[in-house]
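Read the structure below first, then the notes.
The values are calculated or read from the model by the stated rules, or taken from the named source; none is laboratory data. In this text the structure is predicted, and so the values were computed from the model without any measurement. Glycine also receives a Cβ, built like all others from the backbone with ideal geometry; neighbour counts cover every protein chain displayed.
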Amino acid sequence: MNPDKVKKIGFGALGVWVLLAGGLGYLAYDAASTRSEADEKLEEENNAFRRFNEAPVFPSKGSIESVKSNEMAWGAWYDAAFTLAGRGDKELPVETPPVFKQRLQSTVRHLQSLPGEADGKLSAPTFFFGFEKYLGETDALPQSDDIPKLAAQLDFIESFAEVLAEAGVSEVKALNRVEPRPDEECARHLDYTITFATRPAGLVKTMNALAASSRFVAVTGFSFREIADSITPRLSAEKKEGNGARGRGGRRGRRAAAEEEQQPDESRKENRLVTEPAVNAVFDVTMTVKVYDFRTPPEDDSAQAKKKKKGAR
C-alpha cells in the first residue's frame, strides 16, 4: 500500500478519535455541571426548610401585637354579649334562711293577689307557685346552701307571674321545676313546666311578652286543651269499654259500642277543641320554658378548695 495513503487513513482515524474523545468529554462535563447545580439547589432548599422549621413561633413584634389585639377584641365582644344576654337578671341579695323565708312569704302573697279570674285573683289561696315545701302546711325553713338557687327561682317565678297577670291570664294552676339530668348539673339554666287557664288573646299576649322580655327565656314545649273538652274523656271511656268488650267476646262489645256511637252527643256542639283564635273559650295551656341565668354563681367551699389546689400546682 502506498505510504501516503496509509498516512491519510491514520490521520483520518486520529481525527475521528479526537472528535469522539471531545464529545465524550463535553458530555461528562455537562453531566457534572448539571449534578452540581442540582446539589446546590437541593442544599439551598434544605437550608430554607431548616431556617423555617427552626425559626421561633412569633418571629416578629407585629405578630405578637396582633395576637394581643385579637384577644382584647374577643374579650370585649364576649363581655358585651354576656351583658346583653343577662340584662334581665337582677342581683340577688345574700340572705339567711329566716330573712329569705320572710321575703318568700311576702312575694308569694303578692303573686296570689295579682288580678285574675280565680275569685278575682291569679291563683287559688292554697297555690304557692312551686314553693309548697316551704309554705302552707309544711312551713319548713330552707337550708343555707339552697338559698341561692331558691332565690333565682323566686326571681323568675315572680317576673313570669307578673307577665301572666298583665296578659290577662285567668288562673295559674300548676308550676313545677324540671330537675336537670345528671349530665346537666353544671348547666346554668332552670326548666319549668307551667299550666294556666286563659283565653286565646291572653295566650297571644303571653307569648309576645316572653319574646320581648329582657329575661333570656326559651319556650321548649307547648300544648293546650279546652277546659270543657269532652272528646278526650270520651275516647278514654271508649278505650276502656273496648278492652272490656274484647275480654267478654268481641261481637257483643262492638255492637254495643256502635249503637252508642249512633246516639248524638249534644255536648260536642259546644265543647270542642279550640281551632281558631276567634273562639273565646277558656282553655288550659301547659308550657315548658328554659330560663338561662347569667349571674355569677356563688362559690361553695368545694369550688374554693379546687381553686386553691390548682393555684398550688
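Key figures for this structure:
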| item | result |
| --- | --- |
| Filtered residues of segment 98-124 (kept if assigned to a helix (DSSP H, G or I) and surrounded by 17 or more Cβ atoms within 10 Å (Cβ to Cβ)) | PHE100, LYS101, LEU104, THR107, VAL108, LEU111, GLN112 |
| Selection from segment 78-133 of residues that are within 15 Å of ILE157 (Cα to Cα), touching a Pro at 6+ places or on another chain (Cβ under 8 Å) and not hydrophobic (A, V, I, L, M, F, W, C) | GLN112 |
| Filter pass, PHE160 being of a type in the set (A, V, I, L, M, F, W, C), farther than 16 Å from PHE100 by Cβ and modelled with pLDDT of 90 or more | yes |
| Test for PHE196: is it part of a strand (DSSP E or B), under 24 Å from LEU111 (Cα atoms) and modelled with pLDDT under 90 | no |
